[in-house]
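Inspection log for the structure reproduced underneath, given as structure tokens.
Readers should treat all values here as calculations from the given coordinates under stated rules, not as data from a laboratory. Since we're looking at a predicted model, the values are computed, not measured. Neighbour counts are summed over all protein chains in view; Cβ atoms, including those assigned to glycine, are modelled from backbone coordinates with ideal geometry.
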Amino acid sequence: MNAPLELRPAEMLTALVAASSGSERDYLDAARATLARYVAHPALLDGVPLTRTPGQYSRNFVFGDADVSVWAMVWPAGARTSIHDHHCSCCFAVLSGTLAETYFEPVGAGLAQPRHQALRSPGFIACMMPSGPNLHRMENLGTAEAVSLHIYGYDHRRHASSVANEYRHAAG
């Protein structure tokens, strides 16, 4: 028996790749639609082995080609990214748990200060283009594990990650 169309990850990701060569709006709409399907059906990740690393987040490759890279991230309690921006588009959804996203502004060479923080609960979806500066840090402030899915506009075979620059927290 075939799975319903919305439960076929290969077709969803093929549509995302096709949109990546179109307009920015078409690509972001396709990324949001793909993430919304994963939010509605988190079991789509059941076939992806998710590694876990105590104390830090782990990146788990889901899919990629020359234009798009999809990663599932597992966040144990206390895990966080550096303060960073991206060299490409960055779209993500929270599948389980809660993540805090803190936005920063640059204040000097390699330094940034926080502007505001928002909690991202299951079902939250965001997309941004690298029109920068889009400085942020993601972290799991809770006690339960969180899982998020990220779609980046880069070739995972040519770049180690989507991060363009990392910043230090400005004192004060």
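Structural remarks
- For the chain, the C-alpha radius of gyration sits at 1.03 times the compact-globule guess of 2.2 N^0.38 Å, with N the residue count.
- Charge dipole magnitude, Cβ of K and R +1, D and E -1 - the stretch 5-169, Cα centre, debye nearest 20: 340 debye
- Considering only Met138, Met12, Gln56, the residue lying farthest towards the positive end of the dipole of the stretch 5-169 is Gln56, judged by Cα position with unit charges set on Cβ.
- Cα-based Rg and Dmax for the stretch 133-172, where Dmax is the largest Cα-Cα distance (Å): 13.8, 39
- Across the stretch 14-27, coupling constants 3J(HN,Hα) worked out from phi with the 6.51/-1.76/1.60 Karplus curve, θ = phi - 60°, read 5, 5, 5, 4, 4, 6, 5, 8, x, 6, 4, 4, 4, 5 Hz, and Gly and Pro carry x.
- Viscosity 0.890 mPa s, 25 °C: Kirkwood-radius Stokes-Einstein D of the stretch 45-124 over Cα pairs, µm²/s: 168 µm²/s
- Restricting the stretch 65-166 to trypsin sites (Lys or Arg not before Pro) that sit in a DSSP loop and have at most 13 other Cβ atoms within 10 Å of their own Cβ leaves Arg157, Arg158.
- Cys with no candidate disulfide partner in the chain (beta-carbon separation under 4.7 Å rule): Cys88, Cys90
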